[in-house]
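S.K.: The structure that follows is given in the form of structure tokens.
The values are calculated or read from the model by the stated rules, or taken from the named source; none is laboratory data. The structure displayed is predicted, hence computed values, not measured ones. Note: ideal-geometry Cβ built from the backbone for every residue, glycine included; neighbour counts use all protein chains shown. To get the accessible areas, we keep the full protein, side chains included, count just its heavy atoms, and leave off ligands, DNA and RNA. Shrake-Rupley method; radii C 1.70, N 1.55, O 1.52, S 1.80 Å.
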Amino acid sequence: MSENAQILSEMNDRSREVFRRVVEGYLGSGDPVGSRTLSREMTEKVSAATIRNVMQDLEFLGLLEAPHISAGRIPTQQGLRMFVDGLLEAQLGDDDRERIEASVGASEDDVTAMMDRVGSALSGITQGASLVLAPKREAPIKHIEFVSLAADRALVVLVFADGHVENRVFVPPPGQTPSSMREAANLLNAMIDGKTIPDLRDLMGAEVAARRQEIDTLAHDLIEKGLAAWENEGERSERLIVRGRAHLLDDGAEPDELERIRTLFDDLERKRDIAEFLSLTEDGEGVRIFIGSENKLFSLSGSSLVVSPYMNADRKVVGAVGVIGPTRLNYGRIVPIVDYTAQLVGRMLSGPGNRG
């Protein structure tokens with residue numbers, strides 16, 4: 001059980017109602033909610049003083065805070081998270097459902113046009129910024145580029161043979177630099193020739209296997225003579241240790257032979273990294289809500305992202321739709337809108353008449 005779930009389970013009915021009404025009041029107006037207001041709304045007849053005591057307890061638990069002295073309370077980020085996870089009552093209204101269905105249209109529509117309409121509709125319905133990640137293409141590629149965004153984030157730019165351009169963000173293997181990414185792109189562009197990403201991944205896998213076989217063949221004699229031994233054989237950190245020294249390919253054999261093995265090792269590592277680049281994908285299921293500083297995707301304080309992936313006919317995640325807005329989003333309305341849109345887009349993309 002998470003810490004928030006435990007706190008919620010230990011709260012009595014009065015504390016739970018005070019907490020829920022403060023959050024709902026704040027989400028509705030953006031203003032702090034005071035004890036006098038709550039005393040008029042509570043199911044149970046209680047004084048403003050009693051409610052103030054409850055609010056102080058909730059503040060001590062880190063769920064509420066007072067933005068100003070003598071003001072009412074608003075939920076903290078932790079409080080919003082607990083409300084969303086444990087108390088949110090989400091329902092999809094008929095008007096919202098009809099507008100979403102109208103935006104998706106017929107299954108034979110062009111996917112790009114449909115996703116444009118979905119983005120516009122989500123933004124209009126929710127009065128927030130929409131996020132639409134279109135399904136990934138597996139069409140022939142004309143050009144590929146890797147761009148380093150940060151130590152733990154990179155962008156791949158794919159130019160397809162039909163002129164379509166697609167950007168994908170991924171987490172690169174550890175230790176990659178902008179120059180190593182340029183080298184990877186150069187190698188792939190030299191062999192692209194109208195291949196798809198799966199084609200390139202399979203080709204690189206075969207290259208990795210071939211390089212490993214060459215290294216094994218060349219190193220066989222050294223190992224047979226007791227001049228060398230494998231360390232961590234078959235793993236990414238494998239090394240060929242010569243004469244017991246903890247250095248890759250130290251002295252102890254013919255210089256030309258060692259240089260050839262060293263070159264093959266470098267090539268093997270480079271192609272392993274490229275194969276990993278091509279294999280990196282993101283996965284997920286269900287509606288996810290990122291609140292405030294939890295939102296690493298945009299690194300904006302005071303913002304929330306509600307996002308839901310959608311799947312194709314094979315139940316594979318191929319894209320996502322979402323809404324970005326202030327932390328005081330109307331989650332009870334936004335969550336079912338995003339969830340229903342994702343389900344609908346998934347069904348449309350799985351339709352037999354759809355054109356990718």
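S.K.: Would you confirm whether or not segment 155-165 contains a residue that is without any contact (Cβ under 8 Å) to a residue 12 or more places away in the chain, open to solvent by 60 Å² or more (accessible area, probe 1.4 Å) and more than 25 Å from K316 (Cα to Cα)?
M.R.: No: zero hits.
S.K.: Right, another one. Please enumerate the residues belonging to segment 21-36 that are open to solvent by 70 Å² or more (accessible area, probe 1.4 Å) and part of a helix (DSSP H, G or I).
M.R.: Listed by number, the residues that qualify are E24, R36.
S.K.: Between residues in segment 88-103 that are open to solvent by 80 Å² or more (accessible area, probe 1.4 Å) and residues that are hydroxyl-bearing (S, T, Y) and in a helix (DSSP H, G or I), which pairs lie under 7 Å by C-beta distance while being six or more apart or on different chains?
M.R.: Hits for this filter: R97/Y340.
S.K.: Suppose the filter is over 27 Å from the mean Cα position of the chain (by Cα), modelled with pLDDT under 85 and open to solvent by less than 80 Å² (accessible area, probe 1.4 Å); does I69 pass it?
M.R.: No, not satisfied.
S.K.: Moving on. S39: open to solvent by less than 80 Å² (accessible area, probe 1.4 Å), assigned to a helix (DSSP H, G or I), more than 30 Å from V338 (Cβ to Cβ) and at pLDDT below 90, yes or no?
M.R.: When the stated conditions are applied, S39 passes them.
S.K.: If you don't mind, another one. Can you pull out the residues in segment 170-185 that are open to solvent by less than 60 Å² (accessible area, probe 1.4 Å) and not in a loop (DSSP other than H, G, I, E, B)?
M.R.: If the condition is that a residue be open to solvent by less than 60 Å² (accessible area, probe 1.4 Å) and not in a loop (DSSP other than H, G, I, E, B), then F170, S180, M181, A184, A185 are the ones that fit.
S.K.: List, please: which pairs have Cβ atoms under 7 Å, are six or more places apart or on different chains, and start with a residue in segment 114-143 that is of a type in the set (D, E) and end with one that is assigned to a helix (DSSP H, G or I)?
M.R.: Listed by first residue and then by second, the contacts come to E138/I197; E138/P198.
S.K.: Another question about this same structure. For segment 42-71, which residues satisfy the criterion of being farther than 28 Å from A90 by Cβ and outside any helix (DSSP H, G or I)?
M.R.: Correct list: K45, V46, S47, A66, H68, I69, S70, A71.
S.K.: Within segment 199-211, how many residues are open to solvent by 40 Å² or more (accessible area, probe 1.4 Å) and either free of Cβ contacts under 8 Å to residues at least 60 places away in the same chain or within 25 Å of the chain's Cα centre (by Cα) (or both)?
M.R.: 7
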